[in-house]
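Chemist: Handing you this structure, nothing more for now.
The values are calculated or read from the model by the stated rules, or taken from the named source; none is laboratory data. These numbers come from a predicted model, not from an experiment. No Cβ is skipped: glycine too gets one built from the backbone with ideal geometry, and neighbour counts run over all protein chains shown. Side chains included, ligands, DNA and RNA excluded: accessible areas come from the protein's heavy atoms. Shrake-Rupley method; radii C 1.70, N 1.55, O 1.52, S 1.80 Å.
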Amino acid sequence: MNYEHFFATAIESLRDEKRYRVFADLARDAERPPHATHHADDPLRSERDVTIWCSNDYLGMGRHPKVIDAMVQAATRHGVGAGGTRNISGTNHALVTLEAELADLHSKEAALAFTSGWISNLAGISTIASVLPNCLILSDAMNHNSMIEGIRRSGCERKIFRHNDVAHLERLLAETEPSRAKLIVFESLYSMDGDIAPIGQIVNLAKKYGAMTYIDEVHAVGMYGPRGGGVAEREGLMDQIDVIEGTLAKGFGTLGGYIAASTAVIDAVRSFAPSFIFTTALPPAIAAAATAAIQHLKASGMERARQRQQVARTKHALMAAGLPVMPNPSHIVPVFVGDAEKCKAACDMLLERHDIYIQPINYPTVARGTERLRITPTPYHSDAHIVQLVEALVDVWTALDMPFGGKIISAPDHCSYAELKRAAE
């Protein structure tokens, strides 16, 4: 049997559907964010300077001097590895300190760190739901793949409520036996559309129908709230959420994921989750760097304020140019394309013509027909960067004969495209 044929055929089907993924070989420049060196196969342009407009290091904390220094010092003192699982010598002091910092960030009794946000959702949801007797999981239709996998792994019954539709969620809760264990799982900020969950309404329903709440704040921690605790902190609702899940790899600029909750919940996940028990722990250097980022953002609002300003300016400038920005109240800037092939072509053209790197967002990350560019301004994107981006996108949209027609919306701290251009010059 020709086994290679099956793999080649599977990959060819992705190419035919125009959703085969090509990875860009990038070396970020810590001294010149958001710039990076792009390493390509083209011998004439094997190395060139590009501007990254799609990084999940939303606040640039991955290059912050405090974070780098904490990592270097910890690696020098303790080495670069963790030495084992948490149970076999891997519970290093830097990691214990990190978990205490995370518990404090979310005003919870305890926290538990994982190697990624994907694993923290898988372990957290599956373990919590499986410990609860006959648990019913109620899941938002737009929840992340990691949450879906956690639900599947739990083996519990699940019901899907329409995205951010609290009326539908209440109907599902109302038709459930009142004494049955129930777990509502949802995100605070959905990263592809940039919309925000009605957290207060969901919390009220959970109280009314006796359900636990599990919120994914992955795309919000570090960036929202007075100390960077996320959207729930901004809205004064952290104490009403049972389990808060987050990442260290986006707003905090490092690596890893976590959950924060009561001591009993955290101890149950620590004791029963295979994906925690049998995984090597985060190294001290990573834990120390993450702790430094969290501590800095608890005290500093400068990065958040600057990011909000540049997000508002970017959205307004793109809309003023007629580009089809999908409006939302968050830091995510989706630009609608609606065709997988043109989405990929737009990204290729931005890189080749304008030295701008943005990755295409295609199925299965988003539904077919809703393909888009996902732009994420950081505090380090200047007005000149915004001008360059707008001019590049207008050129690409024209060259690919894609529709314009963006609608200008009012935004705080915005200025006109002409003002941005004058400032950049």
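Chemist: List, please: which pairs have Cβ atoms under 6 Å, are six or more places apart or on different chains, and start with a residue in segment 278-306 that is in contact (Cβ under 8 Å) with a residue 12 or more places away in the chain and charged (D, E, K, R) and end with one that is open to solvent by 30 Å² or more (accessible area, probe 1.4 Å) and not in a helix (DSSP H, G or I)?
Modeler: Note: pairs meeting the criteria are Lys298/Arg227.
Chemist: Moving on to the next point. Could you count how many residues in segment 1-37 are under 27 Å from Gly338 (Cβ atoms), open to solvent by less than 60 Å² (accessible area, probe 1.4 Å) and either among the acidic types (Asp, Glu) or touching a helix residue (DSSP H, G or I) at 6+ places or on another chain (Cβ under 8 Å) (or both)?
Modeler: Summing the residues that are under 27 Å from Gly338 (Cβ atoms), open to solvent by less than 60 Å² (accessible area, probe 1.4 Å) and either among the acidic types (Asp, Glu) or touching a helix residue (DSSP H, G or I) at 6+ places or on another chain (Cβ under 8 Å) (or both) in segment 1-37 gives 3.
Chemist: Something else about it: Going by what's in this entry, would Leu112 be described as closer than 17 Å to Thr291 by Cα, touching a Leu at 6+ places or on another chain (Cβ under 8 Å), in contact (Cβ under 8 Å) with a residue 60 or more places away in the chain and open to solvent by less than 70 Å² (accessible area, probe 1.4 Å)?
Modeler: Details: closer than 17 Å to Thr291 by Cα: yes; touching a Leu at 6+ places or on another chain (Cβ under 8 Å): no; in contact (Cβ under 8 Å) with a residue 60 or more places away in the chain: yes; open to solvent by less than 70 Å² (accessible area, probe 1.4 Å): yes.
The answer is no for Leu112.
Chemist: Counting residues that are under 17 Å from Glu99 (Cα atoms) and over 18 Å from the mean Cα position of the chain (by Cα), which helices (runs of 4 or more DSSP H) fully inside segment 255-336 reach at least 1?
Modeler: Numbers: elements: 263-272, 274-277, 284-299, 302-320.
Output list reads 263-272, 274-277, 284-299.
Chemist: Hey, among the residues in segment 137-155 that are touching a strand residue (DSSP E or B) at 6+ places or on another chain (Cβ under 9 Å) and over 15 Å from Asn121 (Cβ atoms), which one's surrounded by the fewest Cβ atoms within 10 Å (Cβ to Cβ)?
Modeler: Narrowing segment 137-155 to residues touching a strand residue (DSSP E or B) at 6+ places or on another chain (Cβ under 9 Å): 137-144, 146-148, 150-152, 154.
Checking which are over 15 Å from Asn121 (Cβ atoms) leaves us with 138, 141.
Working: Leu138: 26, Ala141: 12.
Going through the qualifying residues, I end up with Ala141.
Chemist: Turning to a different aspect of this structure: Filter segment 184-218 for residues that are assigned to a loop (DSSP other than H, G, I, E, B) and either β-branched (Val, Ile, Thr) or open to solvent by less than 20 Å² (accessible area, probe 1.4 Å) (or both); which is farthest from Asn56 (Cα to Cα)? Step through it out loud before you land on a result.
Modeler: Of segment 184-218, the ones assigned to a loop (DSSP other than H, G, I, E, B) are 188, 190-195, 197-198, 210-211, 217-218.
When the remaining residues are screened for being either β-branched (Val, Ile, Thr) or open to solvent by less than 20 Å² (accessible area, probe 1.4 Å) (or both), the result is 188, 190-191, 194, 197, 211, 217-218.
Numbers: Ser188: 16, Tyr190: 13, Ser191: 10, Gly194: 13, Ala197: 20, Ala211: 32, Glu217: 14, Val218: 10 Å.
Step by step, filter segment 184-218, then rank; the result is Ala211.
Chemist: Are any of the residues in segment 168-180 within 23 Å of Leu297 (Cα to Cα) and either open to solvent by less than 50 Å² (accessible area, probe 1.4 Å) or in a loop (DSSP other than H, G, I, E, B) (or both)?
Modeler: no
Chemist: To continue, here is another question. Criterion first (open to solvent by less than 40 Å² (accessible area, probe 1.4 Å), of a type outside the set (Asp, Glu), at pLDDT 95 or above and out of contact with any His (no Cβ under 8 Å at 6 or more places or on another chain)) does Gly253 satisfy it? Can you show your working first?
Modeler: Numbers: open to solvent by less than 40 Å² (accessible area, probe 1.4 Å): yes; of a type outside the set (Asp, Glu): yes; at pLDDT 95 or above: yes; out of contact with any His (no Cβ under 8 Å at 6 or more places or on another chain): no.
In short, no.
Chemist: Exactly one condition in (1) over 14 Å from Gly200 (Cα atoms); (2) open to solvent by 30 Å² or more (accessible area, probe 1.4 Å) is not met by Asp239; state its number.
Modeler: (1) is the only condition that Asp239 fails.
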